[in-house]
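> Before I ask anything, here is the structure I am working with.
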Amino acid sequence: MLDPVLLRSFLAVVQTGGFTRAAASLHLTQSTVSQQVRRLEEQIGAELLDRSGRYVVTTTEGERLLGYANRIVALMDEAMLALGQSAVEGEVRLGVPDDFAANSLTPYLADFADAHPGIRLEITSGLSHDVWRAFNAGELDLALIKQRAGSAKGLASWAEPLAWLDSRARPVLARNPVPLAVFPPNGLYRLEMTHALDAMGKPWRIAYVSSSLPGVSAAAEGGLGLTLLPRRLITAEHRELGEAEGFAPVAPVEVALHARNQLPGYARELAAALIEACEGIMSK
């Protein structure tokens, strides 16, 4: 009989790519995780992990076990939740963009934390480019990101209309070249903005750079630079620019929720809560 405790350690090593990070995610020592994987290999009668490279990867036998291990552990977690066992322990690593990290998602995340006191919820916020990179590196279980429409299929997605924003009190529209308030390189809105301005034949220069969405928004409000942001984030201090001012509409980007394969039951429950939250946020 396969021991679920050993399977959980095996999965943690595969998902994190090493024993040290697996131990941290399970709140165990590295030697304990190593011993548990060795015991599992003894039960199976085969080596499950190739430890010779920089990252630990599955052997052929380990790859065959991986799908079964994911389903067994997920089913056990689901059963414990269904039976009302609050002692279920685990971790969910979530990445979100800055504009979703604060008030928008807080009530849903707090409700999840209250309902699952044994689950360690770890949230990382930042630029979608960085969140997506961490997800692909196996550092996140769930990733809510901004992306070009249709670029990567997720659990759910929503259109995010964009708007050109200037300052209502101190407009910069008439300046040549027009100053821009932008995110760092590789920020999605920055790329969309500069490509659109080039297509319109409008000279521009970078005047303000911030990795913080509130920072970019405030810079536009205060007259430091024109910017491109989600329409739902327009404030009373912004002036939206349109075709009357010579600014063509920019195609919406997409908000998408991505999840790694074979999530445990409690992580799927969080994913469902995030989808519900985004439905409400994006419908405003």
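The values are calculated or read from the model by the stated rules, or taken from the named source; none is laboratory data. Predicted model only: the values in this text are computed from it and were never measured. Note: ideal-geometry Cβ built from the backbone for every residue, glycine included; neighbour counts use all protein chains shown. For the accessible areas, the whole protein counts, side chains as well, though only heavy atoms, and no ligand, DNA or RNA atoms are used. Shrake-Rupley method; radii C 1.70, N 1.55, O 1.52, S 1.80 Å.
> Collect the residues in the range 112-138 that are over 22 Å from Ala272 (Cβ atoms) and either in contact with a helix residue (DSSP H, G or I) (Cβ under 9 Å, 6 or more places away or on another chain) or of a type in the set (Phe, Trp, Tyr) (or both), keeping them in residue-number order.
Listed by number, the residues that qualify are Gly126, Leu127, His129, Gly138.
> What number goes with the only condition from (1) at pLDDT 85 or above; (2) part of a loop (DSSP other than H, G, I, E, B); (3) within 28 Å of Leu226 (Cα to Cα); (4) not charged (D, E, K, R) that Asn103 does not pass?
Unmet condition: (1).
Here is a yes/no grid of residues against (1) of a type outside the set (Asp, Glu); (2) open to solvent by less than 70 Å² (accessible area, probe 1.4 Å); (3) touching a residue at least 24 places away in the same chain (Cβ under 8 Å); (4) closer than 30 Å to Asp114 by Cβ:
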residue	(1), (2), (3), (4)
Val5	yes, no, yes, yes
Leu11	yes, yes, yes, yes
Thr20	yes, no, no, no
Ser25	yes, yes, yes, yes
Val33	yes, yes, yes, yes
Glu41	no, yes, no, no
Ser52	yes, no, no, no
Thr59	yes, yes, no, no
Val73	yes, yes, yes, yes
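> Okay, moving on. Inspect the range 91-106 for any residue being farther than 30 Å from Asn261 by Cβ, surrounded by 19 or more Cβ atoms within 10 Å (Cβ to Cβ) and either touching a strand residue (DSSP E or B) at 6+ places or on another chain (Cβ under 9 Å) or aliphatic (A, V, I, L, M) (or both) and give the result as yes or no.
For the range 91-106, residues farther than 30 Å from Asn261 by Cβ, surrounded by 19 or more Cβ atoms within 10 Å (Cβ to Cβ) and either touching a strand residue (DSSP E or B) at 6+ places or on another chain (Cβ under 9 Å) or aliphatic (A, V, I, L, M) (or both): absent.
> Which one is farthest from His129 (Cα to Cα) among residues in the range 214-238 that are open to solvent by 20 Å² or more (accessible area, probe 1.4 Å) and part of a helix (DSSP H, G or I)?
The selected residue is Gly222.
For every residue, the table says whether it meets (1) touching a residue at least 24 places away in the same chain (Cβ under 8 Å); (2) in the same structural domain as Leu105 (by the TED database).
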site: Leu224; (1), (2): yes, no
site: Arg231; (1), (2): yes, no
site: Glu237; (1), (2): yes, no
site: Gly265; (1), (2): yes, yes
site: Ala272; (1), (2): no, yes
